[in-house]
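The values are calculated or read from the model by the stated rules, or taken from the named source; none is laboratory data. Source: prediction; values computed, not measured. We place every Cβ from the backbone using ideal geometry, glycine too, and count neighbours over all the protein chains shown. For accessibility, only protein heavy atoms count, side chains too; no ligands or nucleic acids. Shrake-Rupley method; radii C 1.70, N 1.55, O 1.52, S 1.80 Å.
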Amino acid sequence: MLELIAQNMAPIMFLSLIGFLLLGYPVAFSLAANGLLFFAIGVWLAPYSHNVITLDWPLLGTMPQRLWGVMSNETLLAIPFFTFMGIVLERSGMAEDLLDTIGQLFGPIRGGLAYAVIIVGALLAATTGVVAASVIAMGLISLPIMLRYGYDRRVATGVIAASGTLAQIIPPSLVLIVLADQLGKSVGDMYKGALIPGLVLTGLYLAYVLVISLFRPSWVPALPKEARTLGNGVTSLLMAILAIVAMTYLGHKLLAEKIGPNVDVLAITLAVGILYLYTMVDKGLKINLMSRLAQQVVMVLIPPLALIFLVLGTIFLGIATPTEGGAMGAVGALILAAFKGRLNMGVVSQALASTTRLSAFVMFILVGARVFSLTFYGVNGHLWVEHLLVAVPGGQMGFLIFVSFLVFFLAFFLDFFELAFIIVPLLVAPAQALGIDLIWFGVILGVNMQTSFMHPPFGFALFYLRSVAPRTNYTDKVTGKLTEGVTTGQIYWGAVPFVVIQVVMIGIVIAFPQMVMHYKGQVFSGDSVTITLPSLPTLNGGGIGGAPKLGAPGLGAPQLGAPALGTPQLGAPALGVPKLGAPALGAPQLTPPVVKP
């Protein structure tokens, strides 16, 4: 009986961890306690395991070094930077300005407010990377407006919750940082690989709203004319866009020879900067050559886009590491908040407190995960998982489909940090054994973990939205009308279509790996390479540096009758074979060999 338990310690330990978590114990303490408990049991059962268990008490002495490796990991330093940046931006009122402006821009069309929420969700994801901040901000700002103008409650709540979760897959996502660390890959490569899938997922959300606006137009009505406070002016905005294109083209022509390969980035940066300065002068001096709508769009959109470039652009161009990009983003967020006049000690202290809490939470989970992994690897748990998953039929595709279903199911009970620190390390070895690119695998997991925020009834994004959505009937502040509240069931049903879209996106990333593989850049192919060998010296006294003439060959010079190296003729043996009657230096005289044709 003891031998049976000793040889199956890995599955027993894993099931025990799930039991701890289901009982409601904190993740970090469940991992550490489980690891220490089974370490003691493993040392006791090691003699009965037939070398399956390799644990011994001195092994605990390596724990300080393992924990120091966690604390000194520079990659994880990006987490507090991006968290601080997101919270400062959320407190600076950027979300309110973006939602108001883009809502006015898309207001005249059906579903305009829903489009605005999705686009703003993508922009907030690319600047904050924090789901809670995005969902709460859009729930407080957009939901009352959508309810005021007759949006279906399920559509309104689903759009807000789903748009907030884009922060999980669009860089600079905290999930991607943790996944890159656990998979042992570069955060920059993970960001590059996840960018296109994140944009495609945003496009799928927009397409879903378009379908609703075509077949259920009453669910997503356009803004009434009296609600469009910025008026028209789309023509002026289009002229501003054409001006950016023209200035970019001109800058490219003028600077191409001086700058080199990055001339496109510099040209568009200069063009956008010139337009922004012109808009400030036009609005400040009340010249008003641009419409109010165009002025507002330019003034509101360009600062966050500049911050996105400061963070992601420098990482993708190889100018900064993700940690350095996060530091620049944090400084940029402080500058934007100060520019809007909303930077004070209250905002900074709140951002620091929230950042410290999240960073401590991540560190405690990492410490617990290190204790757990020490014991789990000591009972050969990684080999158990690898043999279990490599044996799944279907090769790479079967493995990816099985893991996707497993993570999707576990996401009902675990959040993305728990999945990343507990499950992902166990999947690395099987994925490598099957030859799966780990960046591609990480993006698939990232899209899948996004569903953990949307799963009814445990999705955190749904809880965030529930906390700010009105539960009972209330009087609208603008119209003065009695408005019906939002039920929890409506929030859950609104999330279902977007969970389906996320599952479809997982299938798309698996079916089309090139969406992610572009992070490798151009792959070198040797098919078109031509190798030209240098010509041999001539026999009539030519050659390099005055080669000796015929009759007095130098080192390596072919003799007459053996013009091609390695293709000896009859009577002229290959290089290194002694010629008849002319033995090699220091070689004994040999009997002439018999040469057969």
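Given Thr127, Thr165, Thr157, which one is more than 24 Å from the chain's Cα centre (by Cα), touching a residue at least 60 places away in the same chain (Cβ under 8 Å) and open to solvent by less than 10 Å² (accessible area, probe 1.4 Å)? Walk me through how you get there before you give the answer.
Numbers: Thr127 fails: more than 24 Å from the chain's Cα centre (by Cα); Thr165 fails: more than 24 Å from the chain's Cα centre (by Cα).
Unique residue meeting the criteria: Thr157.
Could you tell me whether Arg148 is open to solvent by 10 Å² or more (accessible area, probe 1.4 Å), within 26 Å of Arg216 (Cβ to Cβ) and touching a residue at least 40 places away in the same chain (Cβ under 8 Å)?
Details: open to solvent by 10 Å² or more (accessible area, probe 1.4 Å): yes; within 26 Å of Arg216 (Cβ to Cβ): yes; touching a residue at least 40 places away in the same chain (Cβ under 8 Å): yes.
When the stated conditions are applied, Arg148 passes them.
Which of the residues belonging to the stretch 339-361 are among the small types (Gly, Ala, Ser) and surrounded by fewer than 13 Cβ atoms within 10 Å (Cβ to Cβ)? Before you say what the answer is, go through the steps one by one.
Looking only at the stretch 339-361, we keep the residues that are among the small types (Gly, Ala, Ser), and these are 341, 346, 349, 351, 353-354, 359-360.
Selection gives Gly341, Gly346, Ser349, Ala353, Ala360.
Condition first: farther than 30 Å from Leu2 by Cα and either part of a helix (DSSP H, G or I) or out of contact with any Phe, Trp or Tyr (no Cβ under 7 Å at 6 or more places or on another chain) (or both). Can you find one or more residues in the stretch 25-39 that meet it? Spell out the reasoning first.
Narrowing the stretch 25-39 to residues farther than 30 Å from Leu2 by Cα: 26.
Filter again for either part of a helix (DSSP H, G or I) or out of contact with any Phe, Trp or Tyr (no Cβ under 7 Å at 6 or more places or on another chain) (or both), leaving 26.
Checked against the condition, which is being farther than 30 Å from Leu2 by Cα and either part of a helix (DSSP H, G or I) or out of contact with any Phe, Trp or Tyr (no Cβ under 7 Å at 6 or more places or on another chain) (or both), the stretch 25-39 yields at least one hit.
Being touching a residue at least 24 places away in the same chain (Cβ under 8 Å), closer than 18 Å to Asn380 by Cβ, open to solvent by 60 Å² or more (accessible area, probe 1.4 Å) and in contact with a helix residue (DSSP H, G or I) (Cβ under 6 Å, 6 or more places away or on another chain), is that true of even one residue in the stretch 43-54?
For the stretch 43-54, residues touching a residue at least 24 places away in the same chain (Cβ under 8 Å), closer than 18 Å to Asn380 by Cβ, open to solvent by 60 Å² or more (accessible area, probe 1.4 Å) and in contact with a helix residue (DSSP H, G or I) (Cβ under 6 Å, 6 or more places away or on another chain): present.
Kindly indicate which of Val371, Val392 is open to solvent by less than 40 Å² (accessible area, probe 1.4 Å) and part of a loop (DSSP other than H, G, I, E, B). Before you say what the answer is, go through the steps one by one.
Numbers: Val371 fails: part of a loop (DSSP other than H, G, I, E, B).
Criteria check complete, one pass: Val392.
Looking only at the stretch 286-342, which residues are hydroxyl-bearing (Ser, Thr, Tyr) and within 16 Å of the chain's Cα centre (by Cα)?
Filtering the stretch 286-342 down to residues hydroxyl-bearing (Ser, Thr, Tyr) leaves 291, 314, 321, 323.
The answer is Thr314, Thr321, Thr323.
Here is a check on your reading of the model: is Ala167 of a type in the set (A, V, I, L, M) and at pLDDT 90 or above? Break it down stepwise before answering.
On the way: of a type in the set (A, V, I, L, M): yes; at pLDDT 90 or above: no.
For Ala167, the condition - of a type in the set (A, V, I, L, M) and at pLDDT 90 or above - is not met.
Can you pull out the residues in the stretch 190-230 that are more than 32 Å from the chain's Cα centre (by Cα), part of a helix (DSSP H, G or I) and surrounded by 12 or more Cβ atoms within 10 Å (Cβ to Cβ)?
Within the stretch 190-230, Pro217, Trp219, Ala227 qualify.
Which of the following residues is buried (at least 19 other Cβ atoms within 10 Å of the Cβ) and either under 19 Å from Leu77 (Cα atoms) or touching a residue at least 12 places away in the same chain (Cβ under 8 Å) (or both): Met290, Met280? Before you say what the answer is, go through the steps one by one.
Values: Met280 fails: buried (at least 19 other Cβ atoms within 10 Å of the Cβ).
That would be Met290, the only listed residue that is buried (at least 19 other Cβ atoms within 10 Å of the Cβ) and either under 19 Å from Leu77 (Cα atoms) or touching a residue at least 12 places away in the same chain (Cβ under 8 Å) (or both).
Which is touching a Gly at 6+ places or on another chain (Cβ under 6 Å) and at pLDDT 90 or above, of Val392, Val443, Val403, Val447?
Details: Val392 fails: at pLDDT 90 or above; Val403 fails: touching a Gly at 6+ places or on another chain (Cβ under 6 Å); Val447 fails: touching a Gly at 6+ places or on another chain (Cβ under 6 Å).
The unique qualifying residue is Val443.
To keep it simple, each residue is scored yes or no on (1) touching a residue at least 24 places away in the same chain (Cβ under 8 Å); (2) among the aliphatic types (A, V, I, L, M); (3) touching a helix residue (DSSP H, G or I) at 6+ places or on another chain (Cβ under 9 Å).
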| position | (1), (2), (3) |
| --- | --- |
| Lys192 | yes, no, yes |
| Gly198 | yes, no, yes |
| Val209 | yes, yes, yes |
| Ile212 | yes, yes, yes |
| His252 | no, no, yes |
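For the stretch 430-440, state whether one or more residues are farther than 16 Å from Leu201 by Cβ, open to solvent by 20 Å² or more (accessible area, probe 1.4 Å), under 21 Å from the mean Cα position of the chain (by Cα) and free of Cβ contacts under 8 Å to residues at least 12 places away in the same chain.
Yes; the residues of the stretch 430-440 include at least one that is farther than 16 Å from Leu201 by Cβ, open to solvent by 20 Å² or more (accessible area, probe 1.4 Å), under 21 Å from the mean Cα position of the chain (by Cα) and free of Cβ contacts under 8 Å to residues at least 12 places away in the same chain.
Just wondering, is there one or more residues in the stretch 489-501 that are of a type in the set (Val, Ile, Thr), outside any helix (DSSP H, G or I), open to solvent by less than 40 Å² (accessible area, probe 1.4 Å) and out of contact with any strand residue (DSSP E or B) (no Cβ under 7 Å at 6 or more places or on another chain)? Reasoning before the result, please.
Applying the first criterion (of a type in the set (Val, Ile, Thr)) to the stretch 489-501 yields 491, 496, 499-501.
This time we only want the ones that are outside any helix (DSSP H, G or I), so: none.
No, that holds for no residue.
Would you check if Asn73 is assigned to a loop (DSSP other than H, G, I, E, B) and within 24 Å of Lys185 (Cβ to Cβ)?
Values: assigned to a loop (DSSP other than H, G, I, E, B): yes; within 24 Å of Lys185 (Cβ to Cβ): yes.
Spelling it out, Asn73 is indeed assigned to a loop (DSSP other than H, G, I, E, B) and within 24 Å of Lys185 (Cβ to Cβ).
Using the structure shown, decide if Ile401 is surrounded by 15 or more Cβ atoms within 10 Å (Cβ to Cβ) and out of contact with any helix residue (DSSP H, G or I) (no Cβ under 7 Å at 6 or more places or on another chain). Don't jump to the end; show me each part of the working.
Working: surrounded by 15 or more Cβ atoms within 10 Å (Cβ to Cβ): yes; out of contact with any helix residue (DSSP H, G or I) (no Cβ under 7 Å at 6 or more places or on another chain): yes.
It is true that Ile401 is surrounded by 15 or more Cβ atoms within 10 Å (Cβ to Cβ) and out of contact with any helix residue (DSSP H, G or I) (no Cβ under 7 Å at 6 or more places or on another chain).
Can you pull out the residues in the stretch 100-120 that are buried (at least 24 other Cβ atoms within 10 Å of the Cβ), free of Cβ contacts under 8 Å to residues at least 60 places away in the same chain and not β-branched (Val, Ile, Thr)?
Ala116
Sort out which residues of the stretch 315-338 are open to solvent by 40 Å² or more (accessible area, probe 1.4 Å), in contact (Cβ under 8 Å) with a residue 24 or more places away in the chain and assigned to a helix (DSSP H, G or I), and write them in order of number.
Selection gives Phe316, Leu334.
Say whether the condition of being outside any helix (DSSP H, G or I) and among the hydroxyl-bearing types (Ser, Thr, Tyr) is met by at least one residue in the stretch 285-294. Give the derivation first.
Narrowing the stretch 285-294 to residues outside any helix (DSSP H, G or I): 285-291.
Now restrict to residues that are among the hydroxyl-bearing types (Ser, Thr, Tyr): 291.
Yes, the stretch 285-294 contains a residue that is outside any helix (DSSP H, G or I) and among the hydroxyl-bearing types (Ser, Thr, Tyr).
I need the full set of residues from the stretch 76-94 which are part of a loop (DSSP other than H, G, I, E, B) and either open to solvent by 80 Å² or more (accessible area, probe 1.4 Å) or on the phi > 0 side of the Ramachandran plot (or both), in order please. So that I can check it myself, show each step before the final result.
Kept after step one, since they are part of a loop (DSSP other than H, G, I, E, B), are these residues of the stretch 76-94: 92-93.
Answer for the stretch 76-94, where residues must be part of a loop (DSSP other than H, G, I, E, B) and either open to solvent by 80 Å² or more (accessible area, probe 1.4 Å) or on the phi > 0 side of the Ramachandran plot (or both): just Gly93.
Only one of these conditions is not met by Gly459: (1) surrounded by fewer than 20 Cβ atoms within 10 Å (Cβ to Cβ); (2) modelled with pLDDT under 85; (3) of a type outside the set (Lys, Arg). Which number is it?
Result: Gly459 fails condition (1) only.
Name the single residue that is farthest from Ala33 (Cα to Cα) among those in the stretch 342-355 being of a type in the set (S, T, N, Q) and without any contact (Cβ under 8 Å) to a residue 40 or more places away in the chain.
Taking the stretch 342-355 and keeping what is of a type in the set (S, T, N, Q), we get 344, 349-350, 354-355.
Adding the requirement that they be without any contact (Cβ under 8 Å) to a residue 40 or more places away in the chain leaves 344, 349.
On the way: Asn344: 42, Ser349: 34 Å.
Checking each candidate, the answer is Asn344.
Cβ-Cβ below 8 Å, separation at least six or inter-chain, first residue in the stretch 465-484 and within 22 Å of Gly164 (Cβ to Cβ) and of a type in the set (Lys, Arg), second open to solvent by less than 70 Å² (accessible area, probe 1.4 Å) and outside any loop (DSSP other than H, G, I, E, B): which pairs?
If the second residue must be open to solvent by less than 70 Å² (accessible area, probe 1.4 Å) and outside any loop (DSSP other than H, G, I, E, B), the pairs left are Arg466/Thr488; Arg466/Ile491.
Does at least one position in the stretch 33-40 carry a residue that is more than 30 Å from Met190 (Cβ to Cβ), within 28 Å of the chain's Cα centre (by Cα) and of a type outside the set (Phe, Trp, Tyr)? Steps first, answer last, please.
Kept after step one, since they are more than 30 Å from Met190 (Cβ to Cβ), are these residues of the stretch 33-40: 33, 36-40.
Filter once more, keeping what is within 28 Å of the chain's Cα centre (by Cα): none.
No, the stretch 33-40 contains no residue that is more than 30 Å from Met190 (Cβ to Cβ), within 28 Å of the chain's Cα centre (by Cα) and of a type outside the set (Phe, Trp, Tyr).
Please go through the stretch 345-388 and pick out each residue that is among the small types (Gly, Ala, Ser) and within 24 Å of the chain's Cα centre (by Cα). Explain how you work it out, then say what you get.
Filtering the stretch 345-388 for residues among the small types (Gly, Ala, Ser) gives 346, 349, 351, 353-354, 359-360, 368-369, 373, 378, 381.
Across the stretch 345-388, the qualifying residues are Ala351, Ser354, Ser359, Ala360, Ala369.
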